[in-house]
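Novice: Here it is: the structure, laid out below.
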Amino acid sequence: MGSLGAVLKHPDDLFPLLKLKRAMKHAEKQIPPEPHWGFCYSMLHKVSRSFALVIQQLDTNLRNAVCIFYLVLRALDTVEDDTSIAADVKVPILIAFHRHIYDREWHFACGEKDYKVLMDQFHHVSTAFLELGESFQEAIEDITKRMGAGMAKFILKEVETIDDYDEYCHYVAGLVGLGLSKLFHASGTEDLLSDDLSNSMGLFLQKTNIIRDYLEDINEIPKSRMFWPRQIWSKYVIKLEDLKYEENSEKAVQCLNDMVTNALMHVEDCLIYMAALRDPAIFRFCAIPQVMAIGTLALCYNNIEVFRGVVKMRRGLTAKVIDQTKTIADVYGAFFDFSCILKSKVDMNDPNAEKTRSRLNAIQKTCRDSGLLNQRKSYVVKSNPRYNTAFIVMLIIILSVIFAYLSAKRTN
């Protein structure tokens, strides 16, 4: 759960945090008994607990398909991310990966920690994949083939231009959006939404991750991973790694703001996509990561800490997003509020200030034009807490005593 200090500072976080913890415990108990499905869902909890939580809401058949789709692409991504694998070994594996998912015996040693386990025991994923319906299998194979080929292309090519950047993000994330749209359609619950809208859903998430993960990627051992396009960063520094040095702080923040402004171009497509979804479970599955992304960009914008350490939403706010993102009105409200926070941070001396404000104004107009902003209660903009600090401290003490008692009773 979130730290005591964070809860005391944001008392309204407490109950969403407790609900999130309870939901995660419940999700962990839903792991199927079959060994291969048990492995897949256990692995899903290890590599992405938030994804594992949201996926539980989906219909069983669709849930299984999305679980395997995620693990197949996570395995593909593990091969791409492992900088210790020589290009002449890595490229053929990426290109052929869509065939390996049909082979119950195939595995490949790479990655670290849980990802190494995933790769060593990939036969469980293949076994589960082969039990999916044919339409699900075809969609997963098609996206895996296209993504593997795209990843292979960028193993041998740098991200130079903004077009390169969009193309790379399409291969590693836009195709995920296309694949999920195909799986939703194959389940019979949604219309097949356009490739452009599906692509934007993936690009917005991927660009947010690339921005947030600058320091981790640039410090990667044995070789840096560089995804920020030269066309953007070369306006500010000579080498991409120069952004992390203190003497370049002003230029680094300007470059960061340029990157965030680029990512914002996908928001309107994302809002159109989410507004078109009919199934409530699919809607929440799609909407929660998108709200997390705009929230993360609001934190990252104009924030030098992106080049010093990890910048992410506090756990309590994450719990609120998961708990309170239920309708398209909630999504419009969150995007509007986070865009207000972003706009308040724009320095008019920033070289891209006008472009940033223009994109934020367009997002806010879309949210206003929905006519739904008055139907939500904001959890983003600060308000007076409903609970005082003394009450929160007392409640935490009581809950701790109860938890310790139950744990001791279970041991005995």
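Values in this text are rule-based calculations from the coordinates and carry no lab data. Given the structure is predicted, the values throughout are model-derived calculations rather than measurements. Counting neighbours? That spans all protein chains shown, and the Cβs are built from the backbone with ideal geometry, glycine included.
Novice: Can you pull out the chymotrypsin sites (Phe, Trp or Tyr not before Pro) in the range 68-139 whose DSSP state is coil and whose Cβ has at most 14 other Cβ atoms within 10 Å?
Specialist: Here the chymotrypsin sites (Phe, Trp or Tyr not before Pro) that fit, given the DSSP loop and packing criteria, are TYR102.
Novice: Let me check I've understood the local charge: for LYS113, count other residues with C-beta under 14 angstrom from its C-beta, Lys and Arg +1, Asp and Glu -1. What total comes out?
Specialist: -2
Novice: Next up: Work out, step by step, the length gained on full extension between GLU250 and HIS185: first 0.36 nm times the residue separation, then minus their alpha carbon distance; give nm to one decimal.
Specialist: Once the chain is fully extended between GLU250 and HIS185, it gains 18.7 nm.
Novice: Mind ranking 265-277, 80-92 by how tightly packed they are, going by the mean number of other C-beta atoms within 10 angstrom, highest first?
Specialist: 265-277, 80-92
Novice: Quick one: if you take sqrt(5λ) for each eigenvalue of the C-alpha gyration tensor of the range 236-316, what semi-axes come out, biggest first, whole angstrom?
Specialist: After diagonalising the Cα gyration tensor, the semi-axes are 32, 14, 8 Å.
Novice: With r defined as the distance between the Cβ atoms of ASP120 and ILE155 and R0 fixed at 25 Å, what FRET efficiency is calculated, to the nearest 0.05?
Specialist: Efficiency computed from Cβ-Cβ geometry: 0.65.
Novice: For LYS343, go through the aspartates and glutamates and keep the ones whose alpha-carbon is under 17 Å away, minus same-chain ones fewer than eight residues off.
Specialist: ASP258, GLU268, GLU354
Novice: Would you work out the charge dipole size for the range 172-326 about its Cα centre, treating the Cβ of every Lys and Arg as +1 and the Cβ of every Asp and Glu as -1, and quote it to the nearest 20 debye?
Specialist: It comes to approximately 320 debye.
Novice: Go through 208-216, 45-53 and give me the packing order, highest mean Cβ count within 10 Å leading.
Specialist: My ranking of the peptides, most packed first, is 208-216, 45-53.
Novice: Need the C-alpha centroid separation for the range 274-292 versus the range 215-249, integer Å.
Specialist: 34 Å
Novice: Here is a follow-up. Take the residue pairs LYS116/LYS244; LYS113/LYS244; LYS153/LYS223; LYS153/LYS244 and return only those whose Cα atoms are more than 20 Å apart.
Specialist: LYS116/LYS244; LYS113/LYS244; LYS153/LYS244
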